[in-house]
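This report refers to the structure that appears directly beneath it.
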Amino acid sequence: SDHMENIYGYLMKYTNLVTGWQYRFFVLNNDAGLLEYFVNEQSRHLKPRGTLQLAGAVISPSDEDSHTFTVNAASGEQYKLRATDAKERQHWVSRLQICTQHHTEAIGKNNPPLKSRSFSLASQGSANSPGVQRRPSQNAVSFFNVGHHRLPTGKRVPIMQPDHLVDVREMMSQAEGQQRDLIRSIECLPVSGHLTSLDQDLLMLKATSMATMNCLNDCFHILQLQHASQQKGSLPAGTTISWLEPKISLANHFKNGAAQNFPAEVNKPASVREEQCTAEPCQLTREHEEINPDEELEDIGDDKEDDLGAVEEQRSVILHLLSQLKLGMDLTRVVLPTFILEKRSLLEMYADFMSHPDLFIAITNGTTPEERMVRFVEYYLTSFHEGRKGAIAKKPYNPIIGEVFHCSWRMPKSDVAADAGSNFSAHSPSEQVTLSKHLEGQPELDYYTVKFVAEQVSHHPPVSGFYAECVERKMCVNAHVWTKSKFLGMSIGVAMVGEGLLSLLEHGEEYTFSLPCAYARSILTVPWVELGGKVNINCAKTGYSASINFHTKPFYGGKLHRVTGEVKQNLTNTVVCRVQGEWNSVLEFTYSNGETKYVDLTKLTVTRKRVRPLEKQGPFESRRLWQHVTESLRDGDIDKATEHKRALEERQRNEERLRAETETPWCTKYFLKEGDGWVYHKPLWKIVSGAQTQQTDTN
């Protein structure tokens, strides 16, 4: 009782994206269980600008910083507040929590649970029917009959066995269905009359039922952990614990405040049940899988992202999302709405950067170090155009940890720029056998093969590793990228943190490179993508380097997608090539000898990648993993796509939590951690080095 005094003072309150944070004078009225605010202290005698009922509310300190906290009322209204320092925040949070607990317990004492166990409304008649006429002494809770199972007297509760978890899960599913029916019944009530869907007691009942189901799911999760820990000692080495079923997604019961349909578990699509199923353990083997390029077929899919319909229809959702964000906020853990997704994983997007394999292979064909550096810059600048699917800024799927993507390209040798004479047939016989065993005993093929593999090696932070190689030309590229996204007001920025390494083993050269930042602009109207920032390409052996600037459009005037750069010899500080133009249109290369070359990216031939059919892909390969989300997006069924996406994300979070609690480390499949980066487990430079060592020993 000593802590139940009224407190007051100034706090900052977040209003919306336009208004931002504003100082307001807040008063905690402990007697009434209200949090009120006024424009300033002088207007305290006037009517409050806003009032929150604290009974049933949740007071949450924010992890954004040490000053911010939120007050989430049972009605669904939320105040996002900020104190001057951590001490003041703790003072407000503790007093609010004490007041909230006091008034929540008071409601519980005044409304004891009833004995019947039905979740149905007492009456579904019209507003004039006797069942709906509410007596002054009658609480809304009494319109709902909520009962309890009781054990027979004298019988002991049996110890829960692991085999009973399936029965518990079935009972939980039934309870979740009944709880959804209860909420639907409340939401179906009229908005006016004696008993409405906004009745304070009904809102409290809805909030407490949700909290109860969430608590029960937490308890069930503890039982699963206990079962897993009992089994841990007998698990064979290398076994990964199976994904658990996600908890009930309470936050997604409603969309824009409207009543939703809540089909029972049996009515869910089979694909969703498959994604959420936990009856059979999903043991993951992290052994390397060698993909046979002959099993891959040319990709005939065409998922251009030019549809604006979904964006226009979901404008209110975007506005609501933006109102929850602050400038500079890290969006890594923010779940974005499904309708802004493009129909491919981020791992496949990295593969699409390789859509001009002829230019990639032609790098090693340069006759001089200068020419090879210029060819690499040409390939680098032409890769981003095809990496984007259409002009509309949409976001690829966030890869699930352990997700992989395989593909390859076949490039006719006649389509690759003339080389310097160091071709595949010039390699020693022992190297040919070691590097290309699949060609042994076969006539020389008339095409080059470029193989690609990508893997999501980390979830927090989100890091992807990808690797591509052309064995015949003894060249490969290895890269790791950490995508850091931030909210910038009317745009979203994504920094591509990481480094790539191109190895030309015929010449003993290594080229390091970085990636530009990407920006989604005009996210409230017609979103579009631009690149920005400075990137560098360096070859330590030859002393050549390239500096490339991706220019963002100025506020007034200026061109879109402009890029400039130069290639220089570091020892002499001589510029040997300059480049300018647009990275998605025409590039102009000017060489030191006065020659000029134009590259029209819109006319470049795109080589379609080759991908294994879905039925031959593993369960963690991107297209099979996301197939139901992709199919739903193609059909325009955003709700179904969201359901499939949520199932994947939930089971990833549950698996991550289970690994942490059971101290089970995550094992990658294709990439190994080396220093701050990730390297493919069997890069071509190791194979070539081993082949050369073997040849030396033989001689």
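The values are calculated or read from the model by the stated rules, or taken from the named source; none is laboratory data. These figures come from a predicted structure and were not determined experimentally. All Cβ positions, glycine included, derive from the backbone under ideal geometry; neighbour counts span all protein chains shown. When the accessible area is computed, the model is the full protein with side chains, heavy atoms only, and any ligands, DNA or RNA have been set aside. Shrake-Rupley method; radii C 1.70, N 1.55, O 1.52, S 1.80 Å.
Pairs are defined by a Cβ separation below 7 Å, a sequence spacing of at least 6 or placement on different chains, a first member in segment 83-95 that is within 10 Å of S66 (Cα to Cα) and touching a residue at least 24 places away in the same chain (Cβ under 8 Å), and a second member that is assigned to a loop (DSSP other than H, G, I, E, B) and aliphatic (A, V, I, L, M); the pairs so defined are R89/A83.
For segment 553-574, the candidate set comprises residues that are closer than 27 Å to G543 by Cα and hydroxyl-bearing (S, T, Y); within that set, the residue that is surrounded by the fewest Cβ atoms within 10 Å (Cβ to Cβ) is T572.
Conditions tested, residue by residue: (1) at pLDDT 90 or above; (2) more than 30 Å from H406 (Cα to Cα); (3) open to solvent by less than 50 Å² (accessible area, probe 1.4 Å).
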| position | (1), (2), (3) |
| --- | --- |
| C517 | no, no, yes |
| A520 | no, no, yes |
| Y544 | yes, yes, yes |
| V576 | yes, yes, yes |
| L587 | yes, yes, yes |
| N593 | no, yes, no |
| V606 | no, no, no |
| K609 | yes, no, yes |
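May I ask you to say which residue of K682, K645, K640 is of a type in the set (D, E, K, R), part of a loop (DSSP other than H, G, I, E, B) and touching a residue at least 40 places away in the same chain (Cβ under 8 Å)?
Values: K645 fails: part of a loop (DSSP other than H, G, I, E, B); K640 fails: part of a loop (DSSP other than H, G, I, E, B).
Exactly one residue qualifies, and that residue is K682.
Name the single residue that is nearest to the chain's Cα centre (by Cα) among those in segment 501-512 being in a strand (DSSP E or B) and surrounded by fewer than 20 Cβ atoms within 10 Å (Cβ to Cβ). If you could, list the steps in order and put the result at the bottom.
Restricting attention to segment 501-512, the residues satisfying the condition of being in a strand (DSSP E or B) are 501-504, 509-512.
Those left that are additionally surrounded by fewer than 20 Cβ atoms within 10 Å (Cβ to Cβ): 501, 510, 512.
On the way: L501: 26, E510: 32, T512: 28 Å.
Result: L501.
Just one of the listed residues (V563, V535) is closer than 25 Å to R578 by Cα, free of Cβ contacts under 8 Å to residues at least 60 places away in the same chain and not aromatic (F, W, Y), namely V535. For segment 595-604: of the residues being free of Cβ contacts under 8 Å to residues at least 60 places away in the same chain and part of a strand (DSSP E or B), which is surrounded by the most Cβ atoms within 10 Å (Cβ to Cβ)? Filtering first and then ranking leaves K597.
Check segment 392-409 and report whether any residue there is farther than 20 Å from I687 by Cβ, modelled with pLDDT under 65 and surrounded by 19 or more Cβ atoms within 10 Å (Cβ to Cβ). Yes: segment 392-409 contains one or more residues that are farther than 20 Å from I687 by Cβ, modelled with pLDDT under 65 and surrounded by 19 or more Cβ atoms within 10 Å (Cβ to Cβ).
Residues of segment 611-628 that are surrounded by fewer than 21 Cβ atoms within 10 Å (Cβ to Cβ) and farther than 18 Å from I401 by Cα: R612, P613, L614, E615, K616. When restricted to residues that are part of a loop (DSSP other than H, G, I, E, B) and crowded, with 21+ Cβ neighbours inside 10 Å, segment 461-500 contains 4. Residues that are surrounded by fewer than 16 Cβ atoms within 10 Å (Cβ to Cβ) and β-branched (V, I, T) within segment 522-542 comprise T525, V526, listed in sequence order.
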